[in-house]
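A.B. asks: My structure is below; once you've seen it, I'll send some questions.
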Amino acid sequence: MTSSHDQNSTVKIFLLDDDAIFRLGIFTALDKEKYADLQIIAQAEIAALVNLLEQEIPNLLLLSIDFNRY
């Protein structure tokens with residue numbers, strides 16, 4: 001795995017938040033036509049993070065944590 005980023009490559013994103021409505025809003029805001037170089041490869045609740053990381057490593061992790069909850 002390399003750490004350099006080619007300008008023509010796609011940025012793979014995990015979108016993790018326990019609020020499904022929030023995830024949908026972020027997914028919608030990152031419109032595929034407007035941001036063709038961004039690809040949300042997974043959307044899930046925070047608890048799924050470890051399982052997702054076992055399957056694939058994203059370039060970017062959008063994660064919302066409520067520290068009062070965990």
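The values are calculated or read from the model by the stated rules, or taken from the named source; none is laboratory data. Bear in mind the structure is a predicted one, so any value in this text is a computation, not a measurement. We place every Cβ from the backbone using ideal geometry, glycine too, and count neighbours over all the protein chains shown.
A.B. asks: Could you tell me whether Gln43 is surrounded by 14 or more Cβ atoms within 10 Å (Cβ to Cβ) and either at pLDDT below 90 or within 14 Å of the chain's Cα centre (by Cα) (or both)?
C.D. replies: Taking the combined requirement at face value, the residue satisfies it.
A.B. asks: Starting from residues that are assigned to a helix (DSSP H, G or I) and touching a residue at least 24 places away in the same chain (Cβ under 8 Å), keep the ones in segment 21-40 and report whichever is nearest to the chain's Cα centre (by Cα).
C.D. replies: The residue in question is Ile26.
A.B. asks: Out of Asn59, Asn68, I need the residue that is at pLDDT 95 or above and not charged (D, E, K, R). Which one?
C.D. replies: Only one candidate qualifies: Asn59.
A.B. asks: Report, by residue number, each residue of segment 30-40 that is modelled with pLDDT of 90 or more and more than 14 Å from Leu60 (Cα to Cα).
C.D. replies: Lys34, Tyr35, Ala36
A.B. asks: Given the condition surrounded by 11 or more Cβ atoms within 10 Å (Cβ to Cβ), touching a strand residue (DSSP E or B) at 6+ places or on another chain (Cβ under 7 Å), at pLDDT 95 or above and more than 13 Å from Ser64 (Cβ to Cβ), answer yes or no: does some residue in segment 20-29 qualify?
C.D. replies: no
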